[in-house]
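These notes are about the structure you will find just below.
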Amino acid sequence: MILLAENEKDLLATTIASANKIVITAHKSPDGDAVGSTLAWRLYLESLAKDVTVVLPDAAPDFLHWLPGYDNIITFDKHKEKASQVISEADMIFCLDYNELSRTEDMQAVIEKAKAQRVVIDHHVGVTIDALLTISHPEATSTSELVFKTICQLSGTKAISHDTAVCIYCGMMTDTGGFTFNSSDPDVYLIISELLKKKINKDIIYNRVFHNYSPSALRFRSYIILKKLNIVETLHASYYAVTKKEMKEFNFIKGDLEGVVNVPLTMKGHKLSISLREDRDKPNLVYVSLRSSCGFHCRQMAAEYFNGGGHEDAAGGRLLCSIEEAEKTALKAILAYKDQLE
């Protein structure tokens, strides 16, 4: 499980040792891996007696708020002045689970102006962040896996506490759909065995994340599949659009529709699923999520049609248009890839 070359390990250890104030950041709309990896890394750095703050662009879905240390996260959208000050005063900034500073959105300018050394730990393709050290492994299940391996290489498994193990497991679990995809490397299960030795309860973690919906959220999810799903059967693809009116009707809170974009892929031979969702506050802003399977890969489509990117089979983006125009773009993208989807 060696992750770092010896000179990289020494550089990271030396830089951490000399840092007084450390900030850990992740991407906007943080998912389980972003939150799990940042909290796990903070717990480790705090065990080294470091002053560490996690600053995220915005809040994570409700089903992640139970994670150890979540309450101490500073969110940029709600506490801009405080977050900006913490970032500007840092002498070391960790960029976790994102490959471009633009993925932090409104935080980007603040991070760029900061004088701190940057270190990237990420598993997305094409890192463009200027950093002292970049730990980038797209083949990994998650950034949480990379955090585990980094901690072990620096200090051994003894440095992983129970709470650190909970955060790492949650990050790995969510980024693999409960270890149902992108998790065939035997190392993954060696890591899980080490985490279980820390007395984590994997079943409780699973239930807190995946069995945490309200009745209105469950009805909303069902409504989308029943009423909103557009299936292009001959091309093994589908898309659906969620409006702000519908979100209000179903009392939507962040995380209520997590994973719905994966559901169409349960159809036999289905290759592509696209989710379109209006921003509740900003006009003409649509968030896009893409998932693919059966040999088709959606990352290129995300970049070409939705101003996005991501993993081969799990990507995202955004469109600056109405939800109606976004639906037309989704259909246009599907038809453009007709030869690969048929």
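Rule-based calculations on the coordinates, nothing more; no lab input. The model shown is predicted, which means the values in this text are computed figures rather than measured ones. Here the Cβ positions follow ideal geometry from the backbone for every residue, glycine too, while neighbour counts run over all protein chains shown.
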Counting only the backbone N, which residues of region 220-241 are under 19 Å from the spot 7 Å out from the Cα of Asp58 toward its beta-carbon? 241
In whole angstrom, how far apart do the alpha carbon centroids of region 57-89 and region 261-327 sit? 26 Å
Let me spell out the model: positive unit charges on the Cβ of Lys and Arg, negative unit charges on the Cβ of Asp and Glu, origin at the Cα centre of region 76-207. What dipole size does that give, in debye rounded to 20? 480 debye
Measuring from the longest principal axis of the C-alpha atoms of the chain, the long axis of helix 162-174 (C-alpha) lies at a number of degrees, nearest 10, equal to 30 degrees
Region 9-70: relative contact order as a whole-number percent, Cα under 8 Å and 6+ apart: 41 percent
Which value at 222 nm does the chain reach when only helices count, each DSSP H run of 4 or more adding -39,500 (n - 2.57), with the total divided by all residues and rounded to the nearest 500 deg cm²/dmol? -11500 deg cm²/dmol
Sparsely packed trypsin sites (Lys or Arg not before Pro) within region 68-156, loop by DSSP, other Cβ within 10 Å at most 11: Lys78, Lys115
Over the chain, what is the mean sequence separation of C-alpha contacts under 8 Å (at least six apart), divided by residue count, expressed as relative contact order in percent? 13 percent
Pairs over 28 Å Cα to Cα, from Lys228/Lys332; Lys227/Lys248; Lys82/Lys244; Lys50/Lys82; Lys227/Lys271; Lys78/Lys228, come to Lys82/Lys244; Lys78/Lys228
Which of (1) 193; (2) 131; (3) 150 is the computed volume of the Cα convex hull per residue in Å³ for the structure on display? (2)
Given Cβ point charges of +1 (Lys, Arg) and -1 (Asp, Glu) and nothing else, what value in debye, to the nearest 20, does the dipole of the chain about its Cα centre take? 760 debye
Per-residue counts of other Cβ atoms within 10 Å, averaged by peptide: what ranking do you get for 91-101, 186-196, 282-292, highest first? 91-101, 282-292, 186-196
Cα long-axis angle, helix 143-155 against the chain (0 to 90 degrees, to the nearest 10): 10 degrees
Debye log10 I(q)/I(0) for region 281-342, one point scatterer per Cα, at q = 0.12, 0.14 Å⁻¹: -0.27, -0.37
Report for region 217-342 the percent antiparallel among DSSP-assigned beta bridges with both residues inside it, nearest 5. 75 percent
How many percent of DSSP beta bridges within the chain run antiparallel, rounded to 5? 40 percent
I need the trypsin sites (Lys or Arg not before Pro) found in region 204-281, filtered to DSSP loop residues with at most 13 other beta carbons within 10 Å of theirs. Lys268, Arg280
Select from Tyr44, Ser18, Ala34 the residue farthest towards the positive end of the dipole of region 8-72; place +1 on Cβ of Lys and Arg, -1 on Cβ of Asp and Glu, and compute about the Cα centre. Ser18
